[in-house]
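Down below is the structure, laid out as structure tokens.
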Amino acid sequence: MQRVLVFCGSSPGSRPEYAAAAAELGRVLAARGLGLVYGGASVGLMGTIADAALGGGAQVIGVIPERLMEVREVPHRGLTELRVVATMHERKALMAELSDAVAVLPGGAGTLEELFEMYTWSQLGLHDKAIGLLNVAGYWDGLLTMLDRMVAERFLRAEHRHALLVERDPEALLQRLAAQRHRAPDTWLDPQSVPKTRSPASPRPGRM
């Protein structure tokens, strides 16, 4: 593991614990000699983790779409490298390509969308990156409850649920991401949901 992709909010959130955790994760990344890949903004938790990682001497690569750079987000001008792409799809693809594991801090709808795309791709065997949630102040508790409900209702396989790592401490999360050995599933389908096929030689019911 050389670079970690971090998804997090462009807002600081309502609790000081969120920014504190983002800063601590940035410092720990730098202390472990790891690079940071993130969305390229200077605001919210995104700016906090970038500043902390840079302060510790880490390589920090930001990836930002042209439209967000010009209209909505404030690009970070002090990064090791800032890559500007045309679309959000290109942003996510490039961030994934540049990284070896994924850590997710508190954030909003965009953070959820980024998490679940990477999580789904992992279930399908499209990448082998470990994915983990930093559960600051219990922020992800509701999501974890929903994932457990998905398992109970057989919309999510238990092994896929357990593949999503969860820690409250940044150091512990990075240790688990580095140690995780992802194995692509034999299948992502619930075996009981796959219809059994008839043998070609078997007669149809009600016919001789």
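The values are calculated or read from the model by the stated rules, or taken from the named source; none is laboratory data. Everything numeric in this text was worked out from a predicted model, so none of it was measured. Note that we place each Cβ from the backbone using ideal geometry, even for glycine, and neighbour counts take in every protein chain shown.
Points worth noting:
- A single member of GLY47, GLY33, GLY39 is small (Gly, Ala, Ser) and under 17 Å from GLU171 (Cα atoms), and it is GLY33.
- Hits in region 114-145 (condition: farther than 16 Å from ALA163 by Cα and under 9 Å from the mean Cα position of the chain (by Cα)): GLU114
- Tally of residues being out of contact with any strand residue (DSSP E or B) (no Cβ under 7 Å at 6 or more places or on another chain), surrounded by 15 or more Cβ atoms within 10 Å (Cβ to Cβ) and more than 14 Å from LEU105 (Cβ to Cβ) across region 162-171: 1
- The residues listed here are LEU105, LEU98, LEU115, LEU124; of these, the one that is touching a residue at least 60 places away in the same chain (Cβ under 8 Å), surrounded by fewer than 15 Cβ atoms within 10 Å (Cβ to Cβ) and either farther than 18 Å from ILE49 by Cα or of a type outside the set (S, T, N, Q) (or both) is LEU124.
- Filter result (of a type in the set (A, V, I, L, M) and modelled with pLDDT of 95 or more) within region 74-83: LEU79, LEU82
- Residue under evaluation VAL28, criteria (1) surrounded by 20 or more Cβ atoms within 10 Å (Cβ to Cβ); (2) not in a helix (DSSP H, G or I), criterion not met: (2)
- Test: ALA58 is more than 21 Å from ALA109 (Cα to Cα), assigned to a loop (DSSP other than H, G, I, E, B) and over 18 Å from the mean Cα position of the chain (by Cα): yes
- Top-ranked residue in region 69-112 [being closer than 15 Å to GLY44 by Cα and β-branched (Val, Ile, Thr); ranked as nearest to the chain's Cα centre (by Cα)]: VAL104
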